[in-house]
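The values are calculated or read from the model by the stated rules, or taken from the named source; none is laboratory data. It should be emphasised that the depicted structure is a prediction, and the values quoted were computed from it without experimental measurement. When we count neighbours, we look across all protein chains shown, and the Cβ atoms used for this are built from the backbone with ideal geometry, even at glycine. In case anyone asks, the SASA skips ligands and DNA or RNA and just uses the protein heavy atoms, side chains included. Shrake-Rupley method; radii C 1.70, N 1.55, O 1.52, S 1.80 Å.
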Amino acid sequence: MNGIYGWLVEASPEQRRTLVAASLGWMLDSMDVMLYALVLGEVQKSMHLSAAMSGAMVSVMLVSAAAGGIWFGWFADRYGRARALTWSVLVYSVATALCGFTQTAVELMLCRIVLGLGMGGEWASGAALVAESWPARHRGKALALVQSSWAVGYALGAAIVALVMPRFGWRAVFFVGIVPALITLWMRRRLCETEAWKRNSEQPKQTRQIFRGALGRSLLICATMNAAALFGWWGLFTWVPHFLSLPLSQGGRGMSVVQTSGWTIEMQAGAFLGYILFGYLADRFSRKYTYISFLIVAAMLVPLFAFVRDAHALLVIGPLVGFFGTGYFSGFSLIASEQFPTVVRGSAMGFAYNSGRVVSAAAPYLIGLVSENAGLSYALCLTSAAFLLAAIIASALRVPQTPPIFID
């Protein structure tokens, strides 16, 4: 056991604090996303939204997240990773709670736009904070643990919906989203900036250099492979709860809200294991080829999931889809953090991840649009092609033989 968890035992209190803070931010980010996905059916009925418009709500949020991620990335380079993390969590948590007060589609969309700004900023600042706090030999495991908190938040969101919505309705579900704002008070008081950032904080922030030469090439590859991977993820997991609860006569699987929430939690258990195992494999073997392998297997599993009708088969395939279809995300933060120098790391990671979100923003809308004509099972298969494309692009990555050292 010490061999598996020894790296956590050896860590300094400051390293553990950054790990907890980034994990909490990402977990609560995921929870907020899941709340919308699981109340989507009720929101559609209440506000008389079409499938395409419901998907557009997510798409608009993703475009907003791209803008927020790029801006908070710059903010993290200039004013510190801890400050950027705190403010981003505060923005998205307050915006989630405000969704519960909306009465029209326009009001809801405005709240989702504000939520996206904070959601986009959380990832880049949190990932940079952890990457710069942990030594290279444990960086993959540390970032994988942070990424695994997405699965915990996803399952937490499903549990909240199962407990709150049947009793108090969909609006009350969003009110729970204010909880992360309280967490920010704890985070800001205990977090310190990384030594790597402090050493480089006085250097001029020439953000334009990330678009030139070798850095420009790395940025292009990271941004495009992430765009394809995010297209696959958002297209698939935005619609999975709705797909499971849709009546069999309409191409769904006919599950109740509680059954859908339970199945979603099971899928996220697989995702959690995928995130964690990715970190160990990446630290032991190759960051690049572990990432590519996860994407290829995900591309193969999606069609099986979309067309299988047997409930027992779904119970088997679901955790596997979660394992491979989300586990690869641990690789992006790890690979991207090692592609760029400290002085522009926040800006580069924010741009690479969130410019990809602009492309992926089309996924929920496109899947919803295609489903209206071809059915949701066929529409979900578009995400399989996206996962495969991401794997092909990732093959062009130039990953250093020895991971760069940010901290001894």
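Values for this structure:
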quantity: Single condition S59 does not satisfy, out of (1) under 16 Å from the mean Cα position of the chain (by Cα); (2) free of Cβ contacts under 8 Å to residues at least 12 places away in the same chain; calculated: (2)
quantity: Among (1) without any contact (Cβ under 8 Å) to a residue 60 or more places away in the chain; (2) open to solvent by less than 10 Å² (accessible area, probe 1.4 Å); (3) of a type in the set (F, W, Y) - the single one F324 does not satisfy; calculated: (2)
quantity: Residues that are open to solvent by 30 Å² or more (accessible area, probe 1.4 Å) and in contact with a Ser or Thr (Cβ under 7 Å, 6 or more places away or on another chain), drawn from the stretch 214-232; calculated: F231
quantity: Enumeration of residues in the stretch 81-126 that are among the hydrophobic types (A, V, I, L, M, F, W, C) and either closer than 16 Å to A22 by Cβ or outside any helix (DSSP H, G or I) (or both); calculated: A82, A84, L85, W87, V89, L90, F101, M119, W123, A124
quantity: Single residue of V20, V33, V39, V43 found to be of a type in the set (V, I, T), modelled with pLDDT under 80 and part of a helix (DSSP H, G or I); calculated: V33
quantity: Meets criteria (in contact with a Leu (Cβ under 9 Å, 6 or more places away or on another chain), in a helix (DSSP H, G or I) and either over 27 Å from M119 (Cβ atoms) or of a type in the set (A, V, I, L, M, F, W, C) (or both)) for V316; calculated: no
quantity: Any helices (runs of 4 or more DSSP H) falling wholly within the stretch 127-233 and containing at least 2 residues that are farther than 22 Å from L62 by Cβ and at pLDDT below 85; calculated: 136-168, 179-190, 195-200
quantity: Where a residue in the stretch 256-279 is in contact (Cβ under 8 Å) with a residue 24 or more places away in the chain and under 18 Å from V240 (Cα atoms) and its partner, wherever it lies, is among the β-branched types (V, I, T) and open to solvent by 40 Å² or more (accessible area, probe 1.4 Å), with Cβ under 9 Å and at least six apart; calculated: Q268/V152; F272/V152
quantity: Total residues in the stretch 98-122, condition open to solvent by less than 10 Å² (accessible area, probe 1.4 Å) and within 20 Å of W150 (Cα to Cα); calculated: 8
quantity: Complete set of residues in the stretch 349-385 that are farther than 19 Å from L62 by Cα and either of a type in the set (V, I, T) or touching a residue at least 12 places away in the same chain (Cβ under 8 Å) (or both); calculated: V370, S371, E372, G375, L376, S377, Y378, A379, C381, S384, A385
quantity: When residues of the stretch 335-366 are limited to those that are touching a Ser or Thr at 6+ places or on another chain (Cβ under 7 Å) and in a helix (DSSP H, G or I), the one most open to solvent (accessible area, probe 1.4 Å); calculated: Y365
quantity: Residue pairs meeting the criteria (Cβ under 7 Å; at least 6 apart or on separate chains; first touching a residue at least 24 places away in the same chain (Cβ under 8 Å), in the stretch 92-106; second assigned to a loop (DSSP other than H, G, I, E, B) and of a type outside the set (G, A, S)); calculated: A105/L49
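Quick grid of which residues meet (1) within 20 Å of G69 (Cβ to Cβ); (2) without any contact (Cβ under 8 Å) to a residue 40 or more places away in the chain; (3) touching an Asp or Glu at 6+ places or on another chain (Cβ under 6 Å):
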position: Y154; (1), (2), (3): yes, no, no
position: M165; (1), (2), (3): no, no, no
position: F175; (1), (2), (3): no, no, no
position: K198; (1), (2), (3): no, yes, no
position: Q209; (1), (2), (3): yes, no, no
position: G235; (1), (2), (3): yes, no, no
position: P241; (1), (2), (3): no, no, no
